[in-house]
Amino acid sequence: MFQIMSALVLTNLIAISESHPLLQSAALARIAHREGRNVMPITIAPSVKSARLCSGQSSGHTSTSDVSLCYKNGWFLAISDDGTVNGTSNVQSPDIKLQLRSVGSSLVRIYSPHHCLYVAMASNGKVFTTEHPSDETVFKQTHEPSGFQTFASQRYFTRIGKHVRFNFLSMRKTGHMKNGKKSQRHHRTTLLSVMPARETF
């Protein structure tokens, strides 16, 4: 009977400490007085729900490919823990495990299943990440004659007479993302290879 009562007390104490941490000391004092023994505070591990979880929000994609994106200058496109987009030479990094989510003919979203983030480009050409799919996360994937591929913002581009200047996902030789407005289609900082993820692990 005593063991059953102790278990009930412990269960109530856990509930109190989770919902009202400030009440834990008072609850412990009452239990100690009633049972005539010392009761130590219980450390509750943080809930796994506090970690970032993928929302599961639909991006409207029709197919998904697990890939890694390797630029001609040797950098892999990587999304880090803090959401920044940079290059890495570490082929074992989970940050380079990406998905291409098709949303139309030659239109894709670049998604990190590890961090639940989409790559996006703003109107000023800056590359960033977001948890929510939008028109800023859609890129036009083009197979270039050189055998490499390019990704240009579908939302933002500049018309110059009869010509269109696209804003590409481009990476400097330092491994930092280049402003899309300063990118060039056939430059080595813009050209990349789309590799099945299994080839990089």
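Brief remarks on what is shown
- Residues located in segment 144-178, provided they are under 18 Å from Thr84 (Cβ atoms) and among the β-branched types (Val, Ile, Thr): Thr174
- Any hit, segment 110-130, residues being among the basic types (Lys, Arg), part of a loop (DSSP other than H, G, I, E, B) and at pLDDT 95 or above: yes
- Scanning segment 76-91 for residues that are over 15 Å from Asp66 (Cα atoms) and either part of a strand (DSSP E or B) or more than 15 Å from the chain's Cα centre (by Cα) (or both) yields a total of 6.
- Filter pass, Phe139 being out of contact with any helix residue (DSSP H, G or I) (no Cβ under 9 Å at 6 or more places or on another chain) and either within 19 Å of Ser80 (Cβ to Cβ) or in a strand (DSSP E or B) (or both): yes
- Applying a threshold of 6 Å to beta carbon distances and a minimum spacing of six or more residues, or different chains, the list of pairs starting in segment 148-161 at a residue that is within 9 Å of Val138 (Cα to Cα) and touching a residue at least 60 places away in the same chain (Cβ under 8 Å) and ending at one that is aliphatic (A, V, I, L, M) and buried (at least 17 other Cβ atoms within 10 Å of the Cβ) is empty.
- Test for Val39: is it of a type in the set (Val, Ile, Thr), part of a loop (DSSP other than H, G, I, E, B) and either modelled with pLDDT of 95 or more or farther than 23 Å from Lys178 by Cα (or both): yes
- Filtered residues of segment 123-150 (kept if within 19 Å of Thr189 (Cα to Cα) and surrounded by 13 or more Cβ atoms within 10 Å (Cβ to Cβ)): Gly125, Lys126, Val127, Phe128, Phe139, Lys140, Gln141, Thr142, Glu144, Phe148, Gln149, Thr150
- Some residue of segment 47-70 being at pLDDT below 95, touching a Lys or Arg at 6+ places or on another chain (Cβ under 6 Å), over 20 Å from Ser170 (Cα atoms) and in a loop (DSSP other than H, G, I, E, B): yes
- If the condition is being aromatic (Phe, Trp, Tyr) and not in a strand (DSSP E or B), then segment 159-201 contributes only Phe201.
- The C-beta contact set for segment 69-86 (first residue without any contact (Cβ under 8 Å) to a residue 40 or more places away in the chain and under 16 Å from Gln99 (Cα atoms), second residue part of a loop (DSSP other than H, G, I, E, B) and among the hydroxyl-bearing types (Ser, Thr, Tyr), distance under 7 angstrom, 6+ apart or interchain) comprises Ala78/Ser93.
- Scan of segment 106-122 for residues that are crowded, with 19+ Cβ neighbours inside 10 Å and aliphatic (A, V, I, L, M), ordered by number: Val108, Ile110, Leu117, Val119, Ala120, Met121
- For segment 111-146, a residue qualifies if it is out of contact with any strand residue (DSSP E or B) (no Cβ under 8 Å at 6 or more places or on another chain) and farther than 25 Å from Cys54 by Cα, and the qualifying residues are Asn124, Pro145, Ser146.
The values are calculated or read from the model by the stated rules, or taken from the named source; none is laboratory data. Since the structure is predicted, the reported quantities are computational estimates derived from the model, not experimental observations. Positions of Cβ are generated from backbone atoms using ideal geometry, with glycine treated the same way; all protein chains shown enter the neighbour counts.
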